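A short write-up of the structure that comes next.
The values are calculated or read from the model by the stated rules, or taken from the named source; none is laboratory data. All of these numbers come straight from a predicted model, not from anything done at the bench. All Cβ positions, even for glycine, are placed from backbone atoms using ideal geometry, and neighbour counts span all protein chains on display. We work out accessible area using only protein heavy atoms, side chains counted, and drop any ligands, DNA or RNA first. Shrake-Rupley method; radii C 1.70, N 1.55, O 1.52, S 1.80 Å.
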Amino acid sequence: MGVGLVVMGESVVGRLDSVYRRWRGMAGYLGAPELVCLRRPGAVKSFVHGVLSVVFGFLSLFLLMLFVLSVVRGPFYGFVEDGPFGPGTWGGPTKAGAWLVHAGVAVPIIVLIPFVLRGLALVHAAAIRRLYGSAVGWWVLPATTLIAVGGMLFFYSWTRQI
């Protein structure tokens, strides 16, 4: 997220050489093949990728927060929540039922979120390689857009249920 904010600022003031250097470092993330610089993107494309980087960073932090919340409130729900456990609560009206349901929902989340975070990083690196004209799959741009929009909608809907 920090790199995206810096790149957005550098794109606006015209420091594109610094932007290229930062994106090259991000494109090689997680053992990706060496970036082939077929073109040098302009300031607008670099700025848009900076915005996407901020969105991906924000989404990753949100997912990390959900991971921690799932670890604390899922399997250990009975230790962190005293009730009341009414008929309208997950697994209510008993504490044992609520604990079982919270653990049953949280354990798959705990297992899946690390894989989702790695996938986000790989898609982000592929989007940056595409920015430079490297050969990537046709799906990279639609997936990046879908993840960015879907992630923000997921965050918005999660904040509405609090």
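Here are some notes:
- In the stretch 127-141, the qualifying residues are those that are modelled with pLDDT under 85, out of contact with any Pro (no Cβ under 9 Å at 6 or more places or on another chain) and within 19 Å of Phe47 (Cβ to Cβ), and the one that is surrounded by the fewest Cβ atoms within 10 Å (Cβ to Cβ) is Arg130.
- Restricted to the stretch 143-162, and to residues there that are part of a helix (DSSP H, G or I) and open to solvent by 80 Å² or more (accessible area, probe 1.4 Å), the residue that is farthest from Val44 (Cα to Cα) is Arg160.
- Residue pairs whose Cβ atoms lie under 8 Å apart, separated by 6 or more positions or on different chains, with the first residue in the stretch 29-56 and closer than 14 Å to Val149 by Cα and small (Gly, Ala, Ser) and the second in a helix (DSSP H, G or I) and modelled with pLDDT of 85 or more, are Ser53/His124.
- Taking each residue of the stretch 74-100 that is farther than 23 Å from Ile110 by Cα and looking for partners that are surrounded by fewer than 11 Cβ atoms within 10 Å (Cβ to Cβ) and not hydroxyl-bearing (Ser, Thr, Tyr) with beta-carbon atoms closer than 8 Å, six or more apart or interchain, yields Pro93/Gly86; Pro93/Pro87.
- Where Val55 falls short, out of the listed (1) in contact with a Pro (Cβ under 7 Å, 6 or more places away or on another chain); (2) crowded, with 17+ Cβ neighbours inside 10 Å: (1)
- So Val72, is it open to solvent by 30 Å² or more (accessible area, probe 1.4 Å) and either closer than 30 Å to Gly4 by Cβ or not β-branched (Val, Ile, Thr) (or both): yes
- For the stretch 95-109, a residue qualifies if it is under 20 Å from the mean Cα position of the chain (by Cα) and surrounded by 18 or more Cβ atoms within 10 Å (Cβ to Cβ), and exactly one does: Ala106.
- Lone qualifier among Gly92, Gly78 - being touching a Gly at 6+ places or on another chain (Cβ under 7 Å), of a type outside the set (A, V, I, L, M, F, W, C), open to solvent by less than 30 Å² (accessible area, probe 1.4 Å) and at negative phi: Gly92
- For the stretch 4-43, taking the residues that are at pLDDT 70 or above, among the hydrophobic types (A, V, I, L, M, F, W, C) and open to solvent by 70 Å² or more (accessible area, probe 1.4 Å), the one that is nearest to the chain's Cα centre (by Cα) is identified as Leu5.
- Verdict on Val80 being modelled with pLDDT of 75 or more and touching a helix residue (DSSP H, G or I) at 6+ places or on another chain (Cβ under 7 Å): yes
- Pairs where the first residue, in the stretch 132-144, is without any contact (Cβ under 8 Å) to a residue 40 or more places away in the chain and the second is of a type outside the set (A, V, I, L, M, F, W, C) and open to solvent by 50 Å² or more (accessible area, probe 1.4 Å), C-beta under 8 Å, 6+ apart: Val136/Arg130; Val140/Arg130; Leu141/Arg130
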